[in-house]
1. Helix-only mean residue ellipticity at 222 nm, the chain, DSSP H runs n ≥ 4 weighted -39,500 (n - 2.57), per residue, nearest 500. What is it?
2. Quickly rank 22-28, 189-195 as a protection proxy: mean count of other C-beta atoms within 10 Å, highest first.
3. Using 0.36 nm per residue of separation minus the Cα-Cα distance, give me the extension gain between Leu30 and Ala251 in nm, one decimal.
4. Using alpha carbons only, how many angstrom separate the centre of the range 1-32 from the centre of the range 64-90?
5. Nearest 0.05, what FRET efficiency do Glu244 and Glu43 give at R0 = 51 Å with Cβ-Cβ as r?
6. Return Phe229, Phe198 ranked ascending by Cβ neighbour count within 10 Å, so the fewest neighbours appear first.
7. After finding the eigenvalues of the alpha carbon gyration tensor for the range 58-170, what semi-axes result from the square roots of 5 times each, listed largest first in whole Å?
8. Would you mind computing Rg(Cα) / (2.2 N^0.38 Å) for the chain, counting N as its residues?
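Every number here is computed from the coordinates shown, using simple stated rules; none is lab data. Bear in mind the structure is a predicted one, so any value in this text is a computation, not a measurement. Ideal geometry is used to build each Cβ from the backbone, glycine not excepted, and the neighbour counts take in all protein chains shown.
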Amino acid sequence: MDDPALFGEVAAANSLSDVFAKGGRPRVALNVVAFPLSCEPIEVLQSILQGGQRKVIEAGAILAGGHSVEDREPKYGLVVFGEARRDDIWRIDGAEEGDILILTKPLGTGLISTAAKVDMAKAEHMNAAVESMRRLNDLPLKLDDISKSYIHACTDVTGFGLAGHLFNMLSSKGLSAEIYTKHLPVIPGALEYAEEGFVPGGGYRNRKLYAPQIGGLDEISPAEAELLFDPQTSGGLLLAVHPEGSEMILAACRASGWHDAAAIGRFIRGDGEIAVKTQP
């Protein structure tokens, strides 16, 4: 990503997501910056910080300062403090048997970014990935209390990929999950780059960790399988939703700008495995 302001926006959106994934509202943010002042102009740093500040303001929070060090490579993120009513906090392990699995953003940022690093990604594909990454996961600010009551659990999909973060949701209660690959929302171009072998290092690590616990991988294409392991930057929210509220939540997502939001699977009784199917 060559635009420093966009870099700042994506990094800030990624940081703010942790509060949104708990059903919370960000209140205060602090910059955490590493920057090579000896070889990069100060204007680059200013653009990064301005991009981050835009997202903090968009989230309704206050930027209250931060900390910076000099380093050989630019690094940027936020420490975010948020709040939520105790009874409204979305737990990662609150899913129940029969809950519908909803993903709010499309997959593929890791695959597209890897292709872009060697100038093999089409501009329209990279632009779509950036637009997805810079989009806030501010769903808790868009839902009314009735809609929120249908959400039993939530996490955000980042470095461990869809499979890794879904396994975290299965850490208790004797649940397993089904994923329907034909229902997965995908950024245009991502499957093409997976087929061409533009898989990030994190994708290989995720596959090694999680593939042995996933059934049905031999029934889908290798490219589709890569979507399960692709590490996301500022990926979407992964929600466990009571079946009676799933259409309501999907409608609210789409009305609020998450046009790719989709029901991608469900929770079933089991011992913590994931079963992959093309369709229900």
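1. -10500 deg cm²/dmol, from helical runs alone.
2. Peptide ranking by packing, descending: 189-195, 22-28.
3. Difference between extended and current length: 76.2 nm.
4. 7 Å
5. Details: r = 53 Å, r/R0 = 1.03.
So the FRET efficiency works out to roughly 0.45.
6. Lowest count first: Phe198, Phe229.
7. Gyration-tensor ellipsoid for the range 58-170: 29, 22, 14 Å.
8. 0.99
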